[in-house]
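Let me begin by presenting the structure, written as structure tokens, before commenting on it.
All of the numbers you see were taken from the coordinates with simple rules; none came from a lab. Computed from a prediction, not measured in an experiment: that's the story for all the values here. Don't worry about glycine lacking a Cβ; one is built from the backbone with ideal geometry, like all the others, and counts go over all protein chains shown.
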């Protein structure tokens, strides 16, 4: 058991405190809903207080049963946990966000969600478990007007008391620049791929400057990401020699150095594992034996622009490559 009071906290723009490390729940390509929910139960027992969920992961109903058991024990109350969820791409239509949130609330057996994300900034759908060549002919490029229709529904969820905060995910600076001035309720956080070989320094700085907390997925370089997201020229973070050297100095696995770095840098990592020893060490490592300032500088040099979750399955007809999803020219790709 790790004392949750010792875990660093992030302060959202309205003063709300959020744990600086969470338990991810995306494992549907490798693990069953029962395996994931069992890991969530174990994680809560040992001290995790942030659980990152999503409708598309297909396991919220199993996690809801876990949460119900946890609260029945009365050792942990609802206010102790910070639960997130996300609306999937096929539920961006008028009124669909409310339906999606209602289902997540029902599945999770909650009255409200602490932070509700727009999972991807467009309604481009792909079937769960599809391969990397899958394309939906109905996919479209990002559209400010369509995104804001979805965001307005999220804002309505806040006003209805169904969610406490709303957030964005998989955004770029050009997209943020286009939509932030239009928001009545600002995003409290933004989920983005963040790890030592893909630090997204410009995006990270932009989010911090706008009081938007960066939550980092794939914090150790996602070695067990879906097969469709594995490319031969990808870097493996935990095999980088400098990272291995730092890990040896601290007598820990390189994955734990990635997590220490993330928390000390100022983002909130959401690592996932079904193995108790791993998710215990993931939490434990952020409250002991911090990295030195020099080690933090060394890790900063590991940036390789190594995007692992490229999102190619969301491409629209006429798009050139996955790079079009990420506005790499500095403007929103049409």
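If I ask for residues that are in contact (Cβ under 8 Å) with a residue 60 or more places away in the chain and either outside any helix (DSSP H, G or I) or surrounded by fewer than 22 Cβ atoms within 10 Å (Cβ to Cβ) (or both), which ones from segment 32-54 would you list? If you could, list the steps in order and put the result at the bottom.
Keep residues of segment 32-54 that are in contact (Cβ under 8 Å) with a residue 60 or more places away in the chain, which gives 35-36, 38-39, 42-43, 46-48, 50, 52, 54.
35, 38, 42, 46, 47, 48, 50, 52, 54, listed by residue number.
State whether the residues of segment 159-172 include one that is assigned to a loop (DSSP other than H, G, I, E, B), out of contact with any helix residue (DSSP H, G or I) (no Cβ under 7 Å at 6 or more places or on another chain), crowded, with 18+ Cβ neighbours inside 10 Å and on the phi < 0 side of the Ramachandran plot.
yes
For the condition outside any loop (DSSP other than H, G, I, E, B) and at negative phi, what is the one hit in 291, 325, 302, 308?
325
Which residues, counting only those in segment 1-31, are part of a loop (DSSP other than H, G, I, E, B), in contact (Cβ under 8 Å) with a residue 12 or more places away in the chain and more than 19 Å from the chain's Cα centre (by Cα)?
1, 2, 3, 14
Select from segment 136-158 the residues that are farther than 20 Å from residue 113 by Cα and in contact with a helix residue (DSSP H, G or I) (Cβ under 7 Å, 6 or more places away or on another chain) and write down the one among them that is surrounded by the fewest Cβ atoms within 10 Å (Cβ to Cβ). Spell out the reasoning first.
Initial filter on segment 136-158 (farther than 20 Å from residue 113 by Cα): 136-149.
Then keep just the ones that are in contact with a helix residue (DSSP H, G or I) (Cβ under 7 Å, 6 or more places away or on another chain); that gives 139, 142, 144, 147-148.
Numbers: 139: 18, 142: 23, 144: 13, 147: 21, 148: 15.
Among those residues, the one meeting the criterion is 144.
Here is a yes/no grid of residues against (1) farther than 18 Å from residue 272 by Cβ; (2) surrounded by 15 or more Cβ atoms within 10 Å (Cβ to Cβ); (3) in contact with a strand residue (DSSP E or B) (Cβ under 9 Å, 6 or more places away or on another chain):
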{"residue": "1", "(1), (2), (3)": "yes, no, no"}
{"residue": "9", "(1), (2), (3)": "yes, yes, yes"}
{"residue": "15", "(1), (2), (3)": "yes, no, no"}
{"residue": "21", "(1), (2), (3)": "no, yes, yes"}
{"residue": "26", "(1), (2), (3)": "no, yes, yes"}
{"residue": "30", "(1), (2), (3)": "no, no, no"}
{"residue": "97", "(1), (2), (3)": "yes, yes, yes"}
{"residue": "100", "(1), (2), (3)": "yes, yes, yes"}
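Can you name the condition, by its number, that residue 76 falls short on among (1) in a loop (DSSP other than H, G, I, E, B); (2) touching a strand residue (DSSP E or B) at 6+ places or on another chain (Cβ under 8 Å)?
Tallying (1) in a loop (DSSP other than H, G, I, E, B); (2) touching a strand residue (DSSP E or B) at 6+ places or on another chain (Cβ under 8 Å), residue 76 fails exactly one: (2).
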